[in-house]
Amino acid sequence: MDDITALILDDHHRFRLGFARLDDAQSPQELEAIWTPLALHLDIHADAEEEEILYPHLLTDAGGDDAEEETDDAIRDHNKIRDGIDEASNHPVGSDAWWKGVWKARTENSEHLAEEEDEVLPDFRKHASKELRLELGARWLRFFGEHPQGKGLSFADKDPAKYIEENS
Ligand SMILES: [Fe+2]
Ligand SMILES: [Fe+2]
């Protein structure tokens with residue numbers, strides 16, 4: 001079955017495609033058709049990583065010396081991405097204020113993906129057992145099934161220090 005790090009990379013690729021598609025949209029309807037599922041996917045992805053799937057393991061049985069710092073960065077980045085999404089949701093699709101929120105989500109996301117792909121995932125691959133990677137891959141797929149359209153998830157910002165303390 002699927003390794004968790006491959007599934008995460010699949011999502012990251014979809015995020016990049018989604019943001020690029022916004023560049024080609026010709027109307028607010030087209031923008032909305034691209035943005036609504038993209039924003040929801042970004043929110044669910046961050047929650048999935050923060051819940052029991054990626055970062056709690058980086059902090060305990062599958063991380064290196066930099067696990068706390070990497071987790072701190074990630075929680076802050078996830079908060080900023082969520083803030084951009086929230087900001088956009090308060091304005092009409094296609095308006096300048098909407099684009100401002102979308103752009104915040106896009107640029108914060110690009111920075112975050114680079115850190116996750118160049119720091120977090122390499123460390124995780126180095127320290128996680130093959131069994132854990134496969135087990136978490138299955139858990140990841142179940143997570144999306146258990147939360148259709150994000151049902152039951154809060155998408156709330158988290159305090160990085162508190163998160164690290166609770167999950168270490
Ligand atoms: Fe990610
Ligand atoms: Fe992330």
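Once R0 is set to 41 Å, what does the formula 1/(1 + (r/R0)^6) return for the Cβ-Cβ distance between His91 and Glu165, expressed as a FRET efficiency to the nearest 0.05?
0.70
Taking 0.36 nm per residue of separation and subtracting the Cα-Cα distance, what length does fully extending Glu69 through Lys151 add?
26.5 nm is the gain from fully extending Glu69 to Lys151.
Using only helices, what value at 222 nm comes out for the chain when you add -39,500 (n - 2.57) per DSSP H run of length 4 or more and divide by the total residues, to the nearest 500 deg cm²/dmol?
Dividing the helical sum by the residues of the chain leaves -24000 deg cm²/dmol.
If I model region 54-121 as equal point scatterers sitting on the Cα atoms and use the Debye formula, what is log10 I(q)/I(0) at q = 0.14, 0.18, 0.19, 0.24 Å⁻¹?
-0.48, -0.66, -0.71, -0.91
Under a 1.4 Å probe, what is the accessible area of the chain per residue, stated in Å²?
51
Cα gyration tensor of region 1-147, axes a ≥ b ≥ c as square roots of the eigenvalues: rounded (a/c below 1.5), prolate (a/b > b/c) or oblate?
It comes out prolate by the Cα gyration axes.
Report, in whole Å, the centroid distance computed from the Cα atoms of region 77-112 and region 123-168.
Rounded to whole Å, the Cα centres lie 23 Å apart.
Full extension from Thr107 to Leu134: what is 0.36 nm times the residue separation minus their Cα-Cα distance, to one decimal in nm?
Full extension of this stretch gives 6.6 nm more.
Cα to Cα, under 18 Å, and not fewer than 8 places away if on the same chain: which lysines meet these conditions relative to Lys162?
In chain and number order, the partners are Lys80.
With all protein chains present, calculate the accessible area of His45 using a 1.4 Å probe and round the result to the nearest 10 Å².
For His45, solvent-accessible area is about 10 Å².
Solvent-accessible area of Leu7, probe 1.4 Å, all protein chains present, reported in Å² to the nearest ten, please.
Ignoring ligands and nucleic acids, Leu7 comes out at about 20 Å².
Just read off the accessible area of Glu146 with the full protein assembly in place, 1.4 Å probe, to the nearest 10 Å².
100
What do you reckon, how do Ile34, Ile44 stack up by accessible area (1.4 Å probe), largest on top?
Result of the area sort, largest leading: Ile34, Ile44.
Taking square-rooted eigenvalues a ≥ b ≥ c of the alpha carbon gyration tensor, is region 122-168 rounded, prolate or oblate, where a/c under 1.5 means rounded and, failing that, a/b exceeding b/c means prolate?
Oblate.
The values are calculated or read from the model by the stated rules, or taken from the named source; none is laboratory data. Keep in mind it's a predicted model, so treat the numbers as computed, not measured. Neighbour counts run over all protein chains shown; Cβ positions are idealised from the backbone, glycine included. Keep in mind that these areas ignore ligands, DNA and RNA; they rest on the heavy atoms of the full protein, side chains included. Shrake-Rupley method; radii C 1.70, N 1.55, O 1.52, S 1.80 Å.
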